[in-house]
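Engineer: Structure incoming, see below.
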Amino acid sequence: MKLGFNEATCMKRSNVETDLRECEKHGYDFIELRLDMLQDYLTRHTLDDLKEFFQTRHLKPYALNAIDYLNFQTISGWNEVKRLFLFACEVARAINNPYIIVCPTRSDEMLFKTEEDTFIDTIHNMRELADIAMEYGVKLALEPVGEKNRCCRSLRQAYEIVQELDMDHVGLTLDCFNFYLHDKCSDIEYIRKIPKEKLFVFHINDAEDHPLGILEHCHRVMPGDGCIPVKEICNILKEIGYDGIASIELFRKEYWNMEPGDVIRIAAHAVKPFL
């Protein structure tokens, strides 16, 4: 697997320029750029500047994060989702970024949505985005998020949606923390059901040992420092032939308060043993 960095890990004290410099310095293969940080970057630079950086460095772009609130949108809300998605597609094409991550809606209303409701709505909305993405040569990676107030929480549920869509450029993002947040990895063997060609993005991270219901994204820690069976997950991925990105993605305030270069260096050392 290849060493990747997701900009959420340092986003409160960093910016695109800093993340690019430090990831290149510390031997990362790929970076996942955040759309909000990209918009900030483009107030000071052009897409040509970003394209030139990637053309002249080892570091390459991998996935843009993220198109959120995919489901059960109002007309105006869906128009806003598509506006951001078109921006992402334009950036992706310009810098040769292959994937855009798509996440399910989070709200208390999602607690009352059935799996069938979510399946039908997600199919409809993903198909509309996928048709647009095809015009730009971009692939979509649906990420199930384990929080109870998300409408697509499990890897199984997300994979069934991807199977139904049956499009070559639509696949999955597997995030260790979100996989654990759903049911503490009780269905870890389900990973073996995912064809490697449908697993587009892998987020590697770990978690403090808290009960479900208490555990939140701020409890993410470096892989190997928590209770998630990260090694077992990685071993299964290797067994199915996955050799794509293993991207560190954390939302921990402690790391946000540190110097970005220090976090990026520490993260590289933490992830490499799992590759």
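The values are calculated or read from the model by the stated rules, or taken from the named source; none is laboratory data. Just so you know, these numbers come straight off a predicted model, no measurement behind them. Using ideal geometry, Cβ is built from the backbone for each residue, glycine included, and neighbour counts are taken over all protein chains shown. Ligands, DNA and RNA are stripped out before the accessible areas are found, and what is left, the full protein with its side chains, is counted by its heavy atoms. Shrake-Rupley method; radii C 1.70, N 1.55, O 1.52, S 1.80 Å.
Engineer: Count, please, the residues in the stretch 46-61 that happen to be surrounded by 12 or more Cβ atoms within 10 Å (Cβ to Cβ), closer than 18 Å to LYS25 by Cβ and within 22 Å of the chain's Cα centre (by Cα).
Structural biologist: Of the residues in that region, 5 qualify.
Engineer: I want to confirm something. Restricting to the stretch 57-76 and keeping residues that are among the aromatic types (Phe, Trp, Tyr) and touching a helix residue (DSSP H, G or I) at 6+ places or on another chain (Cβ under 9 Å), which single residue is farthest from LEU20 (Cα to Cα)?
Structural biologist: Here the residue is PHE72.
Engineer: For LYS231, work out the one condition from (1) open to solvent by less than 30 Å² (accessible area, probe 1.4 Å); (2) not in a loop (DSSP other than H, G, I, E, B) it doesn't fulfil.
Structural biologist: (1) is the only condition that LYS231 fails.
Engineer: Those residues that are aliphatic (A, V, I, L, M) and either open to solvent by 80 Å² or more (accessible area, probe 1.4 Å) or within 16 Å of the chain's Cα centre (by Cα) (or both), I need them from the stretch 163-200; list them, please.
Structural biologist: Scanning the stretch 163-200 gives VAL170, LEU172, LEU174, LEU181, LEU199.
Table: residues versus (1) open to solvent by 10 Å² or more (accessible area, probe 1.4 Å); (2) without any contact (Cβ under 8 Å) to a residue 40 or more places away in the chain.
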residue: ASP206; (1), (2): no, yes
residue: HIS217; (1), (2): yes, no
residue: GLY226; (1), (2): yes, yes
residue: LEU237; (1), (2): no, no
residue: GLY244; (1), (2): yes, no
residue: ILE248; (1), (2): no, no
residue: LYS272; (1), (2): yes, no
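Engineer: Quick check: anything in the stretch 5-22 within 21 Å of ALA141 (Cα to Cα), buried (at least 19 other Cβ atoms within 10 Å of the Cβ) and among the hydrophobic types (A, V, I, L, M, F, W, C)?
Structural biologist: The answer is yes, given that some residue of the stretch 5-22 is within 21 Å of ALA141 (Cα to Cα), buried (at least 19 other Cβ atoms within 10 Å of the Cβ) and among the hydrophobic types (A, V, I, L, M, F, W, C).
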